[in-house]
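As structure tokens, the structure follows; a few thoughts come after it.
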Amino acid sequence: MNPILGIDVGGSGVKGSLVDLDQGTLLQDRYRIPTPQPATPAAVADAVAQIVAFFNYKGPVGCGFPAIVKNGVAQTAANIDKSWIGTSIETTFGKACGNPVFATNDADAAGMAEMHFGAGKDEEGLVILITIGTGLGTAIFYKGMLIPNTELGHLIWKNNKIAEAYCSSGARERLKISREEWAGRFNKYLLHLELLFSPDLFILGGGESKYFDTFKDALTTNARVLPAQLLNNAGIIGAAAYAETHRRVSLHGLHGRHGGHG
Ligand code: BGC
């Protein structure tokens with residue numbers, strides 16, 4: 001299979017690389033551009049175009065995006081500029097880079113990669129992947145099937161705030177709390193998700209997953225907990241896989257009617 005370019009748009013960095021989808025690996029070191037502030041459609045599209053040019057790439061581009069994504073259009077904008085709401089990610093990035101772009105939620109992309117190539121491989125039960133970064137992203141799988149756009153980082157939490165404002169990495173930095181205090185908070189969040197969903201497995205990804213060994217002992221859920229095996233590359237690999245799947249759908253004239261989530 002030809003390499004596919006996967007791009008992960010995050011609250012702090014826009015990262016991309018060529019992905020080998022037979023192996024689920026990056027073919028080159030990822031190229032990262034700090035997320036422009038404000039992260040408007042034009043500014044982020046420029047960063048995406050720079051990544052595509054860096055790899056001198058022609059072909060379908062997969063994009064994981066930090067919002068609810070339906071049919072390629074952003075529906076929310078928690079950690080990016082509000083002008084994204086209602087904007088087509090696929091058209092905006094497609095015009096800027098001159099390639100067809102296929103966009104999905106960033107946590108859903110990371111989840112798909114982990115279920116296929118990483119910590120969730122062959123898992124048949126209920127799996128919740130959480131990306132811990134600027135925001136908290138979630139992806140739920142049951143018997144390997146994704147329920148898209150779940151947004152459990154936006155569960156209403158204490159003082160009418162959302163869970164993401166309580167225990168994402170972004171919250172830890174903003175509130176200047178120790179890693180130990182953060183781990184206690186994150187544990188409470190996992191226990192709440194366990195109460196609601198009875199998962200068999202939590203997979204923890206995003207930037208924070210590289211510190212998994214330092215906080216795993218603070219987690220008291222009965223579900224198994226594993227760090228994302230593809231670490232912070234899961235979003236790039238899953239985005240490329242999404243483009244490969246949906247490129248084929250669009251070749252058959254079905255793009256835009258393929259079931260709703262982007
Ligand atoms: C967004 C999600 C996203 C997550 C991680 C949240 O604020 O609402 O769509 O998956 O951040 O980037």
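The values are calculated or read from the model by the stated rules, or taken from the named source; none is laboratory data. Since this is a predicted model, take the numbers as computed values, not measurements. Ideal geometry is used to build each Cβ from the backbone, glycine not excepted, and the neighbour counts take in all protein chains shown. The protein model used for the area step is the full one, side chains on, heavy atoms only, and it has no ligands, DNA or RNA in it. Shrake-Rupley method; radii C 1.70, N 1.55, O 1.52, S 1.80 Å.
Give the stretch 121-149 a look and list any residue that's under 19 Å from Val225 (Cα atoms) and assigned to a loop (DSSP other than H, G, I, E, B), or say none.
Lys121, Asp122, Glu123, Glu124, Gly125, Gly133, Lys143, Gly144
Does at least one position in the stretch 25-35 carry a residue that is without any contact (Cβ under 8 Å) to a residue 40 or more places away in the chain and in contact with a Leu (Cβ under 6 Å, 6 or more places away or on another chain)?
Filtering the stretch 25-35 down to residues without any contact (Cβ under 8 Å) to a residue 40 or more places away in the chain leaves 27-29, 31-34.
Those still in the list that are in contact with a Leu (Cβ under 6 Å, 6 or more places away or on another chain) too: 27-28.
Checked against the condition, which is being without any contact (Cβ under 8 Å) to a residue 40 or more places away in the chain and in contact with a Leu (Cβ under 6 Å, 6 or more places away or on another chain), the stretch 25-35 yields at least one hit.
Return yes or no: is Asp122 surrounded by fewer than 24 Cβ atoms within 10 Å (Cβ to Cβ) and of a type in the set (Asp, Glu)?
yes
For the stretch 215-228, which residues satisfy the criterion of being open to solvent by 30 Å² or more (accessible area, probe 1.4 Å) and either in contact with a Leu (Cβ under 8 Å, 6 or more places away or on another chain) or at pLDDT below 95 (or both)? Show your work before the answer.
Our first condition is that a residue be open to solvent by 30 Å² or more (accessible area, probe 1.4 Å); within the stretch 215-228, this holds for 216-218, 220, 222, 224-227.
Answer for the stretch 215-228, where residues must be open to solvent by 30 Å² or more (accessible area, probe 1.4 Å) and either in contact with a Leu (Cβ under 8 Å, 6 or more places away or on another chain) or at pLDDT below 95 (or both): Thr220, Arg224, Val225, Leu226, Pro227.
Which of (1) over 24 Å from Ala165 (Cα atoms); (2) within 16 Å of the ligand (Cβ to nearest atom) is the odd one out, the single condition Thr35 does not satisfy?
(1)
Residues checked against (1) away from the ligand (no atom under 11 Å from the Cβ); (2) at pLDDT below 95; (3) of a type outside the set (Ser, Thr, Tyr):
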| position | (1), (2), (3) |
| --- | --- |
| Thr76 | no, no, no |
| Thr87 | yes, no, no |
| Ala109 | no, no, yes |
| Ala113 | yes, no, yes |
| Leu136 | no, no, yes |
| Ala139 | no, no, yes |
| Glu151 | no, no, yes |
| Ile162 | no, no, yes |
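Restricting attention to the stretch 8-24, report how many residues are part of a loop (DSSP other than H, G, I, E, B), more than 16 Å from the ligand (Cβ to nearest atom) and either of a type in the set (Lys, Arg) or open to solvent by 10 Å² or more (accessible area, probe 1.4 Å) (or both).
Step one: of the stretch 8-24, the residues part of a loop (DSSP other than H, G, I, E, B) are 10-12, 21-24.
If we keep only those that are more than 16 Å from the ligand (Cβ to nearest atom) too, we end up with 21-24.
Then drop every residue that is not either of a type in the set (Lys, Arg) or open to solvent by 10 Å² or more (accessible area, probe 1.4 Å) (or both), which leaves 21-23.
So the count comes out to 3.
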